1. How many of the residues in the stretch 477-496 are open to solvent by less than 10 Å² (accessible area, probe 1.4 Å), of a type in the set (A, V, I, L, M) and under 26 Å from the mean Cα position of the chain (by Cα)?
2. In the stretch 29-44, which residues are closer than 11 Å to Ile78 by Cβ and either in a helix (DSSP H, G or I) or open to solvent by 80 Å² or more (accessible area, probe 1.4 Å) (or both)?
3. Checking the condition under 16 Å from Glu517 (Cβ atoms), of a type outside the set (Val, Ile, Thr) and surrounded by fewer than 18 Cβ atoms within 10 Å (Cβ to Cβ), which residue from Arg328, Arg345 passes?
4. Taking the stretch 272-297 on its own, how many of its residues are buried (at least 21 other Cβ atoms within 10 Å of the Cβ), in a strand (DSSP E or B) and of a type outside the set (Ser, Thr, Tyr)?
5. For the stretch 298-325, what are the residues that are assigned to a strand (DSSP E or B), touching a residue at least 40 places away in the same chain (Cβ under 8 Å) and open to solvent by 10 Å² or more (accessible area, probe 1.4 Å)?
6. Name the residues in the stretch 241-271 that are over 20 Å from Pro131 (Cα atoms) and assigned to a loop (DSSP other than H, G, I, E, B), would you?
7. Counting only residues that are open to solvent by 10 Å² or more (accessible area, probe 1.4 Å) and either out of contact with any Lys or Arg (no Cβ under 6 Å at 6 or more places or on another chain) or not in a loop (DSSP other than H, G, I, E, B) (or both), how many does the stretch 434-458 have?
8. Of the residues that sit in the stretch 385-411 and are at pLDDT below 90 and of a type in the set (Gly, Ala, Ser), which one is most open to solvent (accessible area, probe 1.4 Å)?
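The values are calculated or read from the model by the stated rules, or taken from the named source; none is laboratory data. Everything numeric here is computed off the predicted structure, so don't read it as measured data. Here Cβ is always computed from backbone atoms with ideal geometry, including for glycine, and neighbour counts include all displayed protein chains. With ligands, DNA and RNA removed, areas are computed over all heavy atoms of the protein, side chains included. Shrake-Rupley method; radii C 1.70, N 1.55, O 1.52, S 1.80 Å.
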Amino acid sequence: MAEKVDILIEPYEDQTVVPQDQWRDIVLDHPDVQRLLAAADPGDVQVSAPEAIGRRKRDDAPFVATAFDPNGNHAVLITGTLDKPEQLDAQSIAFRPNPTPEELARATEVLRNDKRFAELGGRDDIVIYQPMPPLADLKQADGTSVRRPTLGILDPTGERRHRLVAVDLAGQTVDWEPEGIEHPVDGDCESHLPEDVGSLPDAGGPDRVQVRVLVDGEELWNLIVLRPRASTPQTFGKGSGVELRQVTYRGRLVFWQAHVPILNVLYEDDVTYRDWQNQETPFQADGTDPVGSGWRLCTSPPATILESGTDAGNFQGVALWYENGELRIVSEVQAGWYRYVSDWRLRNDGTILPRFGFAGTRNPRTCMRHQHHVYWRFDFDIEGAGNDVVQQRNLFPLALWQSIVQEVSRKRSFFARGWRVIDKVTHRGYSITPGLADGTADAFGAADVWFLRYRGTELDDGVSVVTGQPADTSVKLDQYLNGEAIDGTDVVVWYAGHFIHDEQHPEPHQGHIIGPELRPINWR
């Protein structure tokens, strides 16, 4: 007799979140913010959500946020505590957030009205897309800078197939040769890559939902899911793909939070990027939308760019598909010409398969061999925070498990390739087994795992740049290794996967997926 499976999806309102309009008023009314953004039009200031709110383990947990004036091209870092959000501190920072969808739409309109674009404007085969880097700001003689989103132009029949331009929205002008921006050389592999379609307009819908998996009436999984556009950290505008919170299996807590806050890429010519994961992009998913736009319970397997080979689709958001004892929670995001698949697979036996996929649209850069590095953050709270221990399985001697008693980073090796997080009282826990395609860190990747004591301010490594030299964009998690004890504490595990992307010698797109296996221990 077949099992009866129910996938229940309901809107979830986090009662610890300060409403965005209320938070915005708190920020804009604060004297220090008003002083630092004195020249700004309050209606134009972009205010990010305070990161620690909704992540609440303590009332006095610290938070960080940003306020940005796009007209003055000036950002302010805001810090405080959850119990007194109005008593914040503010200071100017060099951070510049990525262009919003509204800015990109306005930039495209300015480009289409430019005289030099006129000869291309009437052609159906011309593609305007978002490139890397997303900004090419212009420094002024007085020390200020003008904010300028970048756009890519693909002319399939042109002498130069690709051209990158910078758009001054305030001045309504286009710089066709922006200084400091690499102008791509046409690549031979482009013909087999999909054409850039880009993100659809945001149709609204909930930021987060509660998902429950019931088999024959018994609840196996209960968790909160955040879609990429709302994923944390948002402080520096990057997000973390599909984010899971308060994950329980058979009624016992596994994670407080699980997501991918850090994602970077290194090219063979030492061009590097820090990519963002909060810009949702379409893929194919058929089914029903039980809680509104952006959440689809599928009636057939969803097909991202990795399965379909196209950048187009009928859905944008998070798709859920259950088959053969496994719930798949998947979304697709874009960062410039990159496309990433953020994917979680929860099996009925308690196994968790975090998965991340890599693809790109037609561009010379995606044709150049490069390395992607993805960093999962697992905030384990096995049956509650504060009593966990990390153990490493060493092949010699005798395949014994050894406890790790203070913060440390490690690389995978033949002798040490498995770890587990165990509650010291109940002895329940989860093992972490690396995937066969997850690679081993080089100097840029830094390490394969970090074991840290939980700190509310360590949701990422604080890197705000999008592009730069390898030293600028490489992972900076080692800064948190300060010798703190992690034996019987609240433990956070960072897990890295490393993928060499070579479209000159492509494998099937379905092979562009990496990730570990997390398996329950003593759970029943």
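1. Taking the stretch 477-496 first, the residues open to solvent by less than 10 Å² (accessible area, probe 1.4 Å) are 477, 486, 491-496.
Restricting the remaining residues to those that are of a type in the set (A, V, I, L, M) gives 477, 486, 491-493, 496.
Restricting the remaining residues to those that are under 26 Å from the mean Cα position of the chain (by Cα) gives 477, 491-493, 496.
Qualifying residue count, the stretch 477-496: 5.
2. Asp32, Val33, Leu36
3. On the way: Arg328 fails: surrounded by fewer than 18 Cβ atoms within 10 Å (Cβ to Cβ).
None of the other options fit; the residue is Arg345.
4. Here the count works out to 5.
5. If we filter the stretch 298-325 for residues that are assigned to a strand (DSSP E or B), which is where we start, we get 298, 303, 315, 318-323.
When the remaining residues are screened for being touching a residue at least 40 places away in the same chain (Cβ under 8 Å), the result is 318, 320, 322.
Tyr322, the sole residue that qualifies.
6. First pass over the stretch 241-271, keeping only residues over 20 Å from Pro131 (Cα atoms): 242-261.
Once the filter is applied, which keeps residues that are over 20 Å from Pro131 (Cα atoms) and assigned to a loop (DSSP other than H, G, I, E, B), the stretch 241-271 yields Val242, Arg250, Gly251.
7. 14
8. Looking only at the stretch 385-411, we keep the residues that are at pLDDT below 90, and these are 385-386, 393-402.
Then keep just the ones that are of a type in the set (Gly, Ala, Ser); that gives 385-386, 399.
Details: Ala385: 60, Gly386: 34, Ala399: 30 Å².
So the residue we want is Ala385.
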